Amino acid sequence: MLNKSRLTAVLVSAAVVTTATAGQVEVLHYWTSGGEAKSVAELKKMMEAKGHVWKDFAVAGGGGDNAATVLKSRVVSGNPPAAAQIKGPAIQEWASEGVLANLDSVGKAENWDSLLPKVVADVMKYKGNYVAVPVNVHRVNWLWGSAAALKKAGVTGMPKTWDEFFLAADKIKKSGLIAVAHSGQNIWDFTTFESVVLGVGGAKFYEDALVKLDQKALTSETMKKSLETFRRIKTYVDPAAPGRDWNLSTALVIQDKAAFQFMGDWAKGEFVAAAKAPGKDFLCAAAPGSGNAYTFNVDSFAMFKLKDAGAQKAQNDLAASIMGTDFQQVFNLNKGSIPVRLNVAMGKFDECAKLSSKDFVDTAKVGGLVPSVAHGMAIKPAAEGAIKDAVSQFWSDDRISVADGMKNIAKAAATK
Ligand code: GAL
């Protein structure tokens, strides 16, 4: 049995060991809405339980454009955070700068290759090495509905086609409610636009036009029809939409003041945070015409090269925690997304998440699984930014004809 002084010495040395291996991990992210904040708090809890100090570096601004700007300034000044929310092709761009830490010691040890769909694992690697860890799979091509608003307007069920959508929207407008809760910001204009293109033209057309940036597709009759449909949605949006944050539009649906919102399933995180039940208080459905397709948006974190051994240990623990089954469950239950790690039990997830999980697999089999352009999954940031600007100009300025809008978008897509 250890005597008192010996026991104290052991405890002190253990504390020193813990402190020595524990480290501070500063995490740059943009999850600041109700549902998002609850989700990221779970990761903070897990890291603190491992003895690390979590330094929260939250940059408000849904979609992450503000966070990307702040990250660039931190890295350029030689003071990168330990981890940052970076996803899609941007991972390759950051990795090519030589500033990202190699995560193979965790990725290989934890066998991520067998735990991830190959399409996801490949996005997380640079020249064959893991440099980022995936958090979830969000589906973007959703339409959310307020059950009470639809009932009040005499609309039964969620529209499956664009004709059904506009019939429903007319009824909702007549009932005095907001038909579409839109957020008039660059990224949300495009989030709606890409769901329209997917629904009007199908997955192959979406890939040709918005991922391959094929000029023929971008100037086709199908693109003309997509832009006409997109512009028609605007006639159902309330005057306070310009500049509104995405979660404030979701709040209008939660409060039954608006009937519909075109939004990724991070919106479900807001419904869950407001203790609303799917199927009872709100409804989820694939955006009209896109039931056999799935625009995926995988959030991920990249770690920056740091010298301190404690910080490196904290980074590796962060990566391992994110891909762990416990985190994959608790985070995604709050975030509205589904686990990215394969074979995580879905029993606790609701009907919207189960539909997403089923469709993620089914659409992959029929070529309907496509990357979200709006959320940085598909094309280089420069081209993405140029196309988003052209689409937002078309949305905002009714004087721009469909023909001119189509020309401007095609021109923007040619940005090198
Ligand atoms: C997306 C991001 C999601 C969600 C949303 C709103 O780009 O991938 O995790 O939080 O923005 O901020």
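The values are calculated or read from the model by the stated rules, or taken from the named source; none is laboratory data. Source: prediction; values computed, not measured. FYI the Cβ positions are ideal-geometry reconstructions off the backbone, even for glycines, and counts take in every protein chain you see.
Below are the figures for this structure:
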{"read-out": "Residues satisfying the stated conditions in the stretch 92-114, i.e. surrounded by 12 or more Cβ atoms within 10 Å (Cβ to Cβ) and not in a helix (DSSP H, G or I)", "value": "VAL99, LEU100, ALA101, ASN102, LEU103, LYS108, GLU110"}
{"read-out": "Scan of the stretch 136-172 for residues that are aliphatic (A, V, I, L, M) and touching a helix residue (DSSP H, G or I) at 6+ places or on another chain (Cβ under 9 Å), ordered by number", "value": "VAL137, VAL140, LEU143, ALA149, LEU150, ALA153, VAL155, MET158, ALA168, ALA169, ILE172"}
{"read-out": "Filtered residue count, the stretch 128-151, keeping only those that are part of a strand (DSSP E or B) and within 16 Å of the ligand (Cβ to nearest atom)", "value": "8"}
{"read-out": "Which listed residue is surrounded by 19 or more Cβ atoms within 10 Å (Cβ to Cβ), of a type in the set (S, T, N, Q) and not assigned by TED's automatic domain parsing to the domain that holds GLN312, from THR191, THR161", "value": "THR191"}
{"read-out": "Residue check, LYS388 among the basic types (Lys, Arg) and more than 22 Å from the chain's Cα centre (by Cα)", "value": "no"}
{"read-out": "Scope the stretch 324-339; condition closer than 10 Å to VAL135 by Cα and either of a type in the set (D, E, K, R) or within 12 Å of the ligand (Cβ to nearest atom) (or both); matching residues", "value": "PHE331, ASN332, SER337"}
{"read-out": "Residue among PHE296, PHE282, PHE260, PHE301 that is buried (at least 17 other Cβ atoms within 10 Å of the Cβ) and in contact with a Pro (Cβ under 7 Å, 6 or more places away or on another chain)", "value": "PHE296"}
{"read-out": "Failed item, numbered, when GLY405 is tested on (1) crowded, with 19+ Cβ neighbours inside 10 Å; (2) assigned by TED's automatic domain parsing to the domain that holds VAL120", "value": "(2)"}
{"read-out": "Near pairs, Cβ below 8 angstrom, 6+ apart or cross-chain, from the stretch 371-383 (at positive phi) to any residue that is aliphatic (A, V, I, L, M) and more than 9 Å from the ligand (Cβ to nearest atom)", "value": "GLY376/ALA90"}
{"read-out": "Filter result for ARG399 (part of a loop (DSSP other than H, G, I, E, B) and without any contact (Cβ under 8 Å) to a residue 40 or more places away in the chain)", "value": "yes"}
{"read-out": "Matching residues, the stretch 44-85, being out of contact with any His (no Cβ under 8 Å at 6 or more places or on another chain), part of a loop (DSSP other than H, G, I, E, B) and within 13 Å of the ligand (Cβ to nearest atom)", "value": "ALA60, GLY61, GLY62, GLY64"}
